[in-house]
Amino acid sequence: MNTQPSPPLSGSDQLADDPQLRGLLARLARSTDVGQEHANGMLARIAWSRIAEPGDGVAGELLAALGAEFALQLLIQGATPVQLRNSAAEGGVNLGTRAAESALGRWLPRVDRAETIRDIERGIEAGLRVILPDDESWPILLDDLGPHAPLLLWVRGDPAHLATPSLSVVGARAATGYGTHVTAEIVDGVCAAGFSIVSGAAYGIDAVAHRTALAAETPTVAVLAGGADRAYPQSHDGLLGKVSETGAVCAEMVPGAAPTRWRFLQRNRIIAALSSATLVTEAGVRSGTLNTAGHAAELGRSLGAVPGPVTSAASAGCHKLIREYGAALITNAREACELAGLGDGVEVLREGSNTVGETLSPARQPSRHGRVLDALPLRGSRTLLEIARLSGLSVGDVRTTLAELELLQAVTRRDAPGAAELKWALARSQ
């Protein structure tokens, strides 16, 4: 592979002096125009989002000390390891020659004008926008990551949701019925208390958290390991579309970028940083979810875990967090809200839901599922209020139960164009 830097991103000292390129950047920023200075910084960070892998602390320190534009120009001009080390030293960064050589070896092959322009065009085509650390819409909690903070975020949806009070909810991909139910119960209550939900859009607990928030008509944020335009898993394309309509889908990777194991692990630091607290509702002892919990602990965020049956391997990771890492034991939505800093005076939460054991009594859970399914017609669909009226359950209970049944593929949403209310129908013969 050619390790020589590509030609400059423009033919002058101004990185974004081309009017056409300025126009593309303005569209990506959702602005009628962007000033020359802002355009230069925006273009430089977009280029760096391709050049550096997520969590590259050397890149983070260098950009913080020298600025994204100057750091990029160093690469464009073919800086040697010694020159990079000296420039870093002038900015107050202690970078050894060997570390500088390693960094240039990682970065130089990715300095590519054509690919950077294509990243911008792909972002526009996918309806994405870019937010930078100095933008008003930037979630300042991410700054706690220091040099490992994202260089920018590509966002599908409303970036304002990234900065609203939220709870990060994560857990096992191979979720059990217990994990599914308790996640839906807790998330529904947290949403009722006014929090949004942050998760990673994976199978299992992540999907339950997002779908429950959607059913509660509460904004939810999905943080992806690849490009914000690339659904992973692919089967969650529809879910991510709904998330972006009322919340936000975000990523630090350029559009079209593939998720990798490293990027998944680095994605977890953003999930932990975006919220004041992280809750693990189900996780095995070797679960990657524990990586997110570790990031939350390092950031000083509140960490909670839901206990499970002592015989369940699927909850062994949660028990380890409680026993060895001081995670708060969380059994209901009220305690989850306390974890996130809302306090214990949440009147909006139902008093009857005190513990996981009470919420998940064997007689109650199948009964609610059966009553909701019985309220749905064999053909056609019904609204949330109609189902509540026919089942004799509260709207809140029906909403939570529908989220669980949707995950179990027992019911499906019917979105009719122009319809005033969402309707639900049986997904298969019951």
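State the number of residues belonging to region 183-200 that are at pLDDT below 95 and either over 16 Å from A333 (Cβ atoms) or charged (D, E, K, R) (or both). So the answer is 2.
Among the residues of region 179-200, are any under 12 Å from the mean Cα position of the chain (by Cα), among the polar types (S, T, N, Q) and surrounded by fewer than 24 Cβ atoms within 10 Å (Cβ to Cβ)? Checking region 179-200: at least one residue is under 12 Å from the mean Cα position of the chain (by Cα), among the polar types (S, T, N, Q) and surrounded by fewer than 24 Cβ atoms within 10 Å (Cβ to Cβ). Total residues in region 230-256 satisfying the condition of being closer than 21 Å to R269 by Cβ and among the hydroxyl-bearing types (S, T, Y): the figure is 1. Considering only region 54-71, I want to know if a residue exists there that is crowded, with 22+ Cβ neighbours inside 10 Å, assigned to a loop (DSSP other than H, G, I, E, B) and not polar (S, T, N, Q). Among the residues of region 54-71, at least one is crowded, with 22+ Cβ neighbours inside 10 Å, assigned to a loop (DSSP other than H, G, I, E, B) and not polar (S, T, N, Q), which makes the answer yes.
Screening E115 against (1) modelled with pLDDT under 95; (2) not assigned by TED's automatic domain parsing to the domain that holds R50 leaves a single unmet condition, (2). On the given criteria, is R211 farther than 19 Å from I131 by Cβ and part of a loop (DSSP other than H, G, I, E, B)? No; evaluated as a whole, the condition is false for this residue. Suppose the filter is surrounded by fewer than 18 Cβ atoms within 10 Å (Cβ to Cβ) and either part of a loop (DSSP other than H, G, I, E, B) or modelled with pLDDT of 90 or more (or both); does V280 pass it? Taking the combined requirement at face value, the residue does not satisfy it. Which residue, of S235, S168, is under 23 Å from W262 (Cα atoms) and buried (at least 24 other Cβ atoms within 10 Å of the Cβ)? Result of the check over S235, S168: S168.
Condition first: at pLDDT below 95, of a type outside the set (A, V, I, L, M), in contact with a Pro (Cβ under 7 Å, 6 or more places away or on another chain) and over 18 Å from L151 (Cβ atoms). Can you find one or more residues in region 264-273 that meet it? Looking for residues that are at pLDDT below 95, of a type outside the set (A, V, I, L, M), in contact with a Pro (Cβ under 7 Å, 6 or more places away or on another chain) and over 18 Å from L151 (Cβ atoms), one finds none in region 264-273, hence no.
Residues checked against (1) assigned to a loop (DSSP other than H, G, I, E, B); (2) touching a Ser or Thr at 6+ places or on another chain (Cβ under 8 Å); (3) over 30 Å from L43 (Cα atoms):
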position	(1), (2), (3)
D134	yes, no, no
D144	no, no, no
L162	no, yes, no
V170	no, yes, yes
A175	yes, yes, yes
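Among the conditions (1) part of a helix (DSSP H, G or I); (2) more than 26 Å from the chain's Cα centre (by Cα), L95 misses just one, which is (1).
Of everything in region 88-125 that's small (G, A, S) and surrounded by fewer than 20 Cβ atoms within 10 Å (Cβ to Cβ), which residue is farthest from L25 (Cα to Cα)? Of everything passing the filter in region 88-125, G96 is farthest from L25 (Cα to Cα).
Would you point out the residue of region 294-326, among those that are of a type in the set (V, I, T) and under 15 Å from L279 (Cβ atoms), that is surrounded by the fewest Cβ atoms within 10 Å (Cβ to Cβ)?
Ranking the candidates gives I322 first.
The values are calculated or read from the model by the stated rules, or taken from the named source; none is laboratory data. What you are looking at is a predicted structure, and each value in this text was computed from that prediction instead of being measured. A quick note on method: Cβ atoms are made from the backbone with ideal geometry, for glycine too, and the neighbour counts reach across all protein chains shown.
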